[in-house]
1. What pairs come up if the first residue lies in segment 71-82 and is within 12 Å of Ala93 (Cα to Cα), the second is among the β-branched types (Val, Ile, Thr), and their beta carbons are under 6 Å apart, counting only those six or more places apart or on different chains?
2. Looking for whichever is in a strand (DSSP E or B), surrounded by 13 or more Cβ atoms within 10 Å (Cβ to Cβ) and without any contact (Cβ under 8 Å) to a residue 40 or more places away in the chain here; the options are Lys117, Lys95, Lys54. Which one fits?
3. Of the numbered conditions (1) at positive phi; (2) crowded, with 17+ Cβ neighbours inside 10 Å, Arg71 fails exactly one; give the number of that condition.
4. Suppose the filter is surrounded by fewer than 18 Cβ atoms within 10 Å (Cβ to Cβ) and closer than 17 Å to Ala27 by Cα; does Gly61 pass it?
5. Can you name the residue in segment 41-51 that is under 14 Å from the mean Cα position of the chain (by Cα) and not hydrophobic (A, V, I, L, M, F, W, C) and is also surrounded by the most Cβ atoms within 10 Å (Cβ to Cβ) among such residues?
6. Can you say whether Glu38 is under 11 Å from the mean Cα position of the chain (by Cα) and either surrounded by 14 or more Cβ atoms within 10 Å (Cβ to Cβ) or of a type in the set (S, T, N, Q) (or both), as far as the supplied structure shows?
7. Considering only residues of segment 99-109 that are in contact (Cβ under 8 Å) with a residue 40 or more places away in the chain and more than 11 Å from Arg71 (Cα to Cα), which is surrounded by the most Cβ atoms within 10 Å (Cβ to Cβ)?
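Read-outs throughout are calculated quantities, based only on the coordinates presented, and are distinct from any laboratory measurement. Bear in mind the structure is a predicted one, so any value in this text is a computation, not a measurement. Here the Cβ positions follow ideal geometry from the backbone for every residue, glycine too, while neighbour counts run over all protein chains shown.
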Amino acid sequence: MRQLLFIVLLSVLTVACGKGEKARIPAQVWKDITFKIETHPYPVRAGHNEIWLKATKLEGGPAWNLVVSMRANASQEWVQSVQDGHIGVFRRAVKITEGDRYLYMHLRRGKSETELKFELPWVEK
């Protein structure tokens, strides 16, 4: 019984002392789709960072019938992302420089188009 109590206590302490959840970049909605991004690494660094855009229909399920392009500033050309099957995930490495504050997403679905802007998470200095 003591061993079980020790294991449970050790497990609780390990979880309680963890770093916790990373801060998230707020999601955005266009039409009937919610868009969330992840950056790898998190927070971003100058250089190429992998960006994942996750597109989910408001009623649930992946939104995969999109063309997604990304860039980190207005002087860059749009780069089309790679769709990861029909699971609503679009990925691309994007070059990010020190002065870049936002990640721009150009979305096209059928004949509709829009641009979303996500604030980039930098290391606090």
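1. Ala72/Val94; Ala72/Ile96; Ser81/Val68
2. Of Lys117, Lys95, Lys54, the one residue that is in a strand (DSSP E or B), surrounded by 13 or more Cβ atoms within 10 Å (Cβ to Cβ) and without any contact (Cβ under 8 Å) to a residue 40 or more places away in the chain is Lys54.
3. (1)
4. yes
5. Asn49
6. Against the criterion (under 11 Å from the mean Cα position of the chain (by Cα) and either surrounded by 14 or more Cβ atoms within 10 Å (Cβ to Cβ) or of a type in the set (S, T, N, Q) (or both)), Glu38 qualifies.
7. Top of the filtered list is Leu107.
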